[in-house]
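Enquirer: My structure is below; once you've seen it, I'll send some questions.
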């Protein structure tokens, strides 16, 4: 028989090739699973951070509404009301306060704004913007069961929470702050915002993760491109929400929430041997209400933007040497705080304040407001650590000095001294720091 060539068996190579392909698929599958797991984990983490920042932004806005509402409340009237009859006895003043609160409610898009008072161990509505209240079927002076944020406010804290109050009318984001009179808590003011976009944000984030998973299964290249895009988008959203949470909407300055958070963190990390010197200036616009009342709120906002640029131009020029940042913050309607590092004595602080007053007086942008409305700057100052090492107390002292400057004729500056005591009698200080 003729010899035939023995064909090499394809069995072994075929098995090896199949095994290699299976192993390759397994490796790629494992790598894909790891990438998917890592991506989903990062997406969930970023979405959680995003939701946390969104919630903090909402809480900050809730507290801002409460502070604005507090300024509209007639405290003398609030203290005098202990029954429905007291409301009827003071109906014109009562209606005026309710109208202011309802205007604020409509302006900020809140559902309710209300003030509560404790009487004989029970809690009652004194002011309530609900349009259905004030009738025989639904009296204004009505008993109320406190929610957790209200309990915190009656305990002296600034409190806000998401979907905290739930009743037959809905679920609300709620904020509340205490009302003080002569250093004592006499009630609280609170706001409710019926809102579901936080839940929608979480659902959207979950949907994004599912869509991301589907796209990644189609192609790794598309996965990487989509991942980079989503991470970039999430980062931009985080930066935007963080900016909203920490800055005032009108002036773009740091807001009250950021200032107190910054000072609390600075106080926590500073060392006992850290020789930090700085001054705090409390700046208040004189006759700002006249600008709003006569020229309108739009013109008042223009003034706030101009004065914010003016004040921040001085702190922007600081060298920021030392452990504390030089900054200007808007902490109320027409109230600003400046932190000025490396001020060690009253003379340096007075020179800074006098420069502000002198430059303000000759600045052409302010001349129409000065001539038409008598706008000026009342400034109070306090020094760290020579007057106090407690930043809450430092703000309070600067606030007292500002009020004294205003009492002395406005458009003036004063450094706090002990002769000022706790400020002019009957005045509730503008800044109420958080309970420590």
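Enquirer: Taking into account only those residues within the stretch 158-199 that are part of a loop (DSSP other than H, G, I, E, B) and at pLDDT 75 or above, which is nearest to residue 77 (Cα to Cα)?
Expert: 182
Enquirer: Being over 25 Å from residue 151 (Cβ atoms) and in contact (Cβ under 8 Å) with a residue 60 or more places away in the chain narrows it down to one residue among 113, 40; which is it?
Expert: Residue meeting the stated conditions: 40.
Enquirer: Got a sec? Which of 342, 287 is at positive phi and in contact with a helix residue (DSSP H, G or I) (Cβ under 6 Å, 6 or more places away or on another chain)?
Expert: The match here is 287.
Enquirer: Could you figure out which of (1) surrounded by 14 or more Cβ atoms within 10 Å (Cβ to Cβ); (2) touching a residue at least 24 places away in the same chain (Cβ under 8 Å) isn't true of residue 292?
Expert: Tallying (1) surrounded by 14 or more Cβ atoms within 10 Å (Cβ to Cβ); (2) touching a residue at least 24 places away in the same chain (Cβ under 8 Å), residue 292 fails exactly one: (2).
Enquirer: Among the listed residues 96, 118, which satisfies the condition of being more than 18 Å from residue 192 (Cβ to Cβ) and free of Cβ contacts under 8 Å to residues at least 24 places away in the same chain?
Expert: 96
Enquirer: Still on this structure, I have one more. Applying the selection to the stretch 398-408, what residues are in contact (Cβ under 8 Å) with a residue 60 or more places away in the chain and within 28 Å of residue 265 (Cα to Cα)?
Expert: 398, 399, 401, 402
Enquirer: Right, here's the next one. Could you tell me whether the stretch 363-385 includes any residue that is under 21 Å from residue 262 (Cα atoms), in a helix (DSSP H, G or I) and at pLDDT 90 or above?
Expert: No, the stretch 363-385 contains no residue that is under 21 Å from residue 262 (Cα atoms), in a helix (DSSP H, G or I) and at pLDDT 90 or above.
Enquirer: Further, regarding this structure: Output the number of the condition that residue 82 fails; it satisfies all remaining conditions of (1) assigned to a helix (DSSP H, G or I); (2) more than 26 Å from residue 109 (Cα to Cα).
Expert: Of the numbered conditions (1) assigned to a helix (DSSP H, G or I); (2) more than 26 Å from residue 109 (Cα to Cα), the odd one out for residue 82 is (1).
Yes/no matrix, rows are residues, columns are (1) buried (at least 16 other Cβ atoms within 10 Å of the Cβ); (2) in contact with a helix residue (DSSP H, G or I) (Cβ under 9 Å, 6 or more places away or on another chain); (3) in the same structural domain as residue 173 (by TED's automatic domain parsing):
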site: 78; (1), (2), (3): yes, yes, yes
site: 88; (1), (2), (3): no, yes, yes
site: 116; (1), (2), (3): yes, yes, yes
site: 119; (1), (2), (3): no, no, yes
site: 141; (1), (2), (3): yes, yes, yes
site: 145; (1), (2), (3): no, no, yes
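Enquirer: A follow-up question, please. With 340, 307, 324 as the choices, which residue is in a helix (DSSP H, G or I), touching a residue at least 24 places away in the same chain (Cβ under 8 Å) and closer than 26 Å to residue 249 by Cα?
Expert: Result of the check over 340, 307, 324: 307.
Enquirer: Next question, about the same structure. Given the criteria part of a helix (DSSP H, G or I) and touching a residue at least 12 places away in the same chain (Cβ under 8 Å), does residue 411 qualify?
Expert: In short, no.
Enquirer: What is the residue count in the stretch 310-321 for residues that are part of a helix (DSSP H, G or I) and either surrounded by fewer than 16 Cβ atoms within 10 Å (Cβ to Cβ) or in contact with a strand residue (DSSP E or B) (Cβ under 9 Å, 6 or more places away or on another chain) (or both)?
Expert: Of the residues in the stretch 310-321, 6 are part of a helix (DSSP H, G or I) and either surrounded by fewer than 16 Cβ atoms within 10 Å (Cβ to Cβ) or in contact with a strand residue (DSSP E or B) (Cβ under 9 Å, 6 or more places away or on another chain) (or both).
Enquirer: Check off (1) in a helix (DSSP H, G or I); (2) over 28 Å from residue 68 (Cα atoms); (3) in contact (Cβ under 8 Å) with a residue 24 or more places away in the chain for residue 394 and give me the number that stays unchecked.
Expert: (2)
Enquirer: Filter the stretch 219-247 for residues that are part of a helix (DSSP H, G or I), loosely packed, with under 12 Cβ neighbours inside 10 Å and at pLDDT below 80 and give the result.
Expert: Residues satisfying the conditions are 221, 228, 229, 232.
The values are calculated or read from the model by the stated rules, or taken from the named source; none is laboratory data. All figures in this text were calculated on a predicted structure; none of them were measured in a lab. Cβ: placed from backbone, ideal geometry, glycine included. Neighbour counts: every protein chain shown.
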